[in-house]
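S.K.: Mind having a look at this structure? Questions to follow.
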Amino acid sequence: MATSKGSTVSGSTTEKSSSLQAEILLYLSTNNELNTWSYAKERGLDHQLVVGTIRSIESLGDVIKSEQHTSRSIGLTDEAKGLLRDGSYEYNIFQAIPADKGIEQPQLMKLPNANIGFAKAMSKGWLQVDKSSKPPMVKRKVDTVQDEVQHLLQRIHSLELTDSSAEEVVELKKRKLVEDVTINYFTVTKSAGFSTNISKPEADLTSEMLQSGSWKTVNFKPKNFHAKGLLPSYGCLHPLLKVRTEYRQIFLEMGFTEMPTNNFVENSFWNFDALFTPQKHPARDVQDTFFLSDPAVTTKFPEEYLQKVKEVHATGAFGSIGYQYDWQLDETQKNVLRTHTTAVSTRMLYQLAQEKTFRPAKYFSIDKVFRNENLDSTHLAEFNQIEGLIADYNLTLGDLIGVLYQFFRKLGMTKLRFKPAYNPYTEPSMEIFSYHEGLQRWIEVGNSGMFRPEMLLPMGFSEDVSVIAWGLSLERPTMILYGINNIRDLVGPEVDLKMCRRNPICRVIPAKSEE
Ligand code: FB9
């Protein structure tokens, strides 16, 4: 018996349901209405099977129509279904006692649910306990017993017994074997196209039909021209990728070339030392940086360049006093997950400096960086850094500010403010703020600066070459553009994939030039 909680039906459903189809149509040919619940009850059929068959008849066209109703009834709990299958506990206890000599009580109590079974069997006067013997012996008090409980459960299961107030049902309810349930059943009536022998309407016109001419007589399944076609499975772009494409487009429009960022693993030399970041700088300890255990170190460096970096750190060079500390080779060899794509900029600038004649260059990168930071609603241990740099003769802070205005204007941000900041590798450095119309407030939109001579001169650049650079994240603008407040709704295991499927296209509207 299927209650609203529903039950599974075995494989032979189709032929059972097709014969049941014919039976139901026959029934309706002589009855105005069919109630799926009582129809199933009277025939001891699984209610779900009847409902399923009604559904399949309805799918054959305008043969019948059904109306849903709900009503309260009683149903078996999962535990009761076990008793229905294996018999009640008290009955099994009774069966376990040898009719002739009884059984030691501890032995008997090893049976599953023996406590309930024993108590029930005792209360029904089926057993007697001989406490005189050690251990006490349990003997049958009657020759045979009926498993009333199982019979009752069968009658409820087969819808024979549905009245929840019946005294024996109340008893079973107390034993959490029966519970009140709401049932959804249907009343079915004949419809315009009703007939007792309905053939499955043909879905498609086939060449055989055309050759045999049977197309003239067969009845075709009504075509539902409003049916929504199967949505083609399609890939969808994560918002981060859409915003990345927009930012990439802006850099390309401004004549920048993308840097190769396909190396998440970097060594401390390019990630820190070449950027004039002192070896004792807090950014370099495990609190902020993921160090690799395997491969733990890199040993291959451009030797001559490394010596210059060592010198500018340890004793100073190129007119800089450096940091005056004992620079360690093993420190610079340590492999890390890059903490910024500025490490890639360093490699590109070094290569640029190796070129015989200096040529101005504009590079950008957008890729993952890793920071062993404490997580919060806007920070994860990894984010995508966007970075731009321009290497040219005698660039000034003014040039940097000018380029930043040009860059952020293309992002629709025209009102910028610059706050002095500090990075080991840039001097001067500036945090960039923009007034965000949507948020009606000033927000920090990035960081920037002019790479220090202590970084550029060891590479081999001439004194008159300067490099301006800036950076921001991809996640922050994406969260703002897509109205996502918690980074975990944007990336990570909790992301609801529907967000990926339904998120709108990314429209980064550049601000009009005159503004
Ligand atoms: O992205 C950031 N903010 C931002 C950017 C765009 C934006 O667009 C909205 C649609 C309108 C909104 C917000 N920030 C940088 C600012 C803050 O979010 C900051 O709290 C978090 N920062 C990250 C680092 O956090 C540890 C963002 C990330 C960041 C910071 C600095 C750099 C790169 C990324 C850099 C640099 C740099 C400096 C000099 C030379 C070369 C690179």
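The values are calculated or read from the model by the stated rules, or taken from the named source; none is laboratory data. The structure presented is a predicted model; accordingly, all values stated were derived computationally and were not measured. Cβ: placed from backbone, ideal geometry, glycine included. Neighbour counts: every protein chain shown. The protein model used for the area step is the full one, side chains on, heavy atoms only, and it has no ligands, DNA or RNA in it. Shrake-Rupley method; radii C 1.70, N 1.55, O 1.52, S 1.80 Å.
S.K.: Can you give me the solvent accessible area of R441 with a 1.4 Å probe, rounded to the nearest 10 Å²?
M.R.: For R441, the solvent-accessible surface is approximately 120 Å².
S.K.: Still on this model: What percent do you get for the relative contact order of the chain when only Cα pairs under 8 Å and 6+ apart count?
M.R.: Relative contact order comes out at 13 percent.
S.K.: What's the long-distance tail for the stretch 239-502, i.e. % of Cα pairs beyond 36 Å?
M.R.: Roughly 14 percent, once rounded to a whole number.
S.K.: Compute the distance in nm between two label points, each set 7 Å from the Cα along the Cα-to-Cβ direction, one at R85 and one at K176.
M.R.: Roughly 1.9 nm, to one decimal.
S.K.: Tell me which residues come under 5 Å, amide H to amide H, from R417 once H is placed; ignore anything under 5 positions away on its chain.
M.R.: Those qualifying (amide H under 5 Å, at least 5 residues apart or on another chain) are F433, S434.
S.K.: Which Rg and Dmax, in Å, describe the Cα atoms of the stretch 257-370?
M.R.: In Å, with Rg to one decimal and Dmax whole: 14.2, 41.
S.K.: Rounding to the nearest 10 and keeping the result within 0 to 90°, find how far the Cα-based axis of helix 13-30 lies from the longest principal axis of the chain.
M.R.: Long axis of 13-30 versus the principal axis of the chain: about 60 degrees.
S.K.: For V142 and A283 in one chain, what is 0.36 nm times their gap in residues minus the Cα-Cα distance, to one decimal in nm?
M.R.: 42.3 nm
S.K.: Give me the one-decimal nm value for the distance between modelled label points at A192 and K110, 7 Å along each residue's Cα-to-Cβ direction.
M.R.: Here the answer is 7.2 nm between the modelled labels.
S.K.: What is the gain in length, in nm to one decimal, between A99 and E33 on full extension, counting 0.36 nm per residue of separation less the C-alpha to C-alpha distance?
M.R.: Extra length available between A99 and E33 comes to 18.4 nm.
S.K.: With the contact rule set at Cα under 8 Å and sequence spacing of 6 or more, what percent relative contact order holds for the stretch 66-157?
M.R.: This gives 35 percent for the stretch 66-157.
S.K.: Could I ask something else about it? Starting from 0.36 nm per residue, how many nanometres of slack lie between D489 and I443 once their C-alpha separation is accounted for? Could the numbers behind the result be given before it?
M.R.: Working: separation 46, 0.36 × 46 = 16.56 nm, distance 2.09 nm.
So the extension gain works out to 14.5 nm.
S.K.: Considering just Cα atoms, how many Å³ per residue does the convex hull of the stretch 411-515 enclose?
M.R.: So the per-residue Cα hull volume is 163 Å³.
S.K.: Here's another thing I want to ask about it. Looking at the stretch 314-417, which trypsin sites (Lys or Arg not before Pro) are DSSP coil and have at most 16 other C-beta atoms within 10 Å of their C-beta? Please list the in-between numbers first.
M.R.: Values: sites: K334, R338, R347, K356, K362, K368, R371, R409, K410, K415, R417; in loops: R338, K356, R371, K410, K415.
Taking the stretch 314-417 and a limit of 16 other Cβ atoms within 10 Å, the loop trypsin sites (Lys or Arg not before Pro) found are K356, K415.
S.K.: Still on this structure: What 222 nm value per residue comes from the helices of the chain, counting each DSSP H run with n ≥ 4 as -39,500 (n - 2.57) and dividing by all residues, nearest 500 deg cm²/dmol?
M.R.: Rounded to the nearest 500, the figure is -9500 deg cm²/dmol.
S.K.: For the stretch 89-146, report the % of Cα-Cα distances exceeding 20 Å.
M.R.: 11
S.K.: So if I place +1 on the C-beta of Lys and Arg and -1 on the C-beta of Asp and Glu, and nothing else carries charge, what would the dipole magnitude of the chain be about its Cα centre? I want it in debye, nearest 20.
M.R.: Working: 59 positive and 63 negative charges, 254 e Å.
Roughly 1220 debye, rounded to the nearest 20.
S.K.: Report the calculated FRET efficiency for I321 and A296 (r = Cβ-Cβ distance, R0 = 35 Å), to the nearest 0.05.
M.R.: With a Förster radius of 35 Å, E is 0.65.
S.K.: Let me ask something additional. Rounded to the nearest angstrom and ordered from largest down, what semi-axes does the equivalent ellipsoid of the chain get from its C-alpha gyration tensor (root of 5λ)?
M.R.: 78, 39, 20
S.K.: Efficiency by 1/(1 + (r/R0)^6): what FRET value for D392 and K498, r their Cβ-Cβ distance, R0 = 41 Å, to the nearest 0.05?
M.R.: Working from the Cβ atoms, E equals 0.30.
S.K.: Take every Cα pair under 8 Å in the stretch 46-119 that's 6+ residues apart, average their separations, divide by the length, and report that relative contact order as a whole percent.
M.R.: Here the relative contact order equals 25 percent.
S.K.: Quick one: helix 397-409 against the long Cα principal axis of the chain, what's the angle to the nearest 10°, folded into 0 to 90?
M.R.: Rounded to the nearest ten degrees, it is 30.
S.K.: Could you tell me what percent of the DSSP beta bridges with both partners in the chain are antiparallel, to the nearest 5?
M.R.: DSSP beta bridges in the chain are roughly 95 percent antiparallel.
S.K.: Rounded to the nearest 0.05, what FRET efficiency do E427 and L231 have when you use their Cβ-Cβ distance and R0 = 51 Å?
M.R.: Working: r = 56 Å, r/R0 = 1.09.
Between E427 and L231 the formula returns 0.40.
S.K.: Would you work out what percent of the accessible area of the chain, with all protein chains in place, is carbon or sulfur (probe 1.4 Å)?
M.R.: 55
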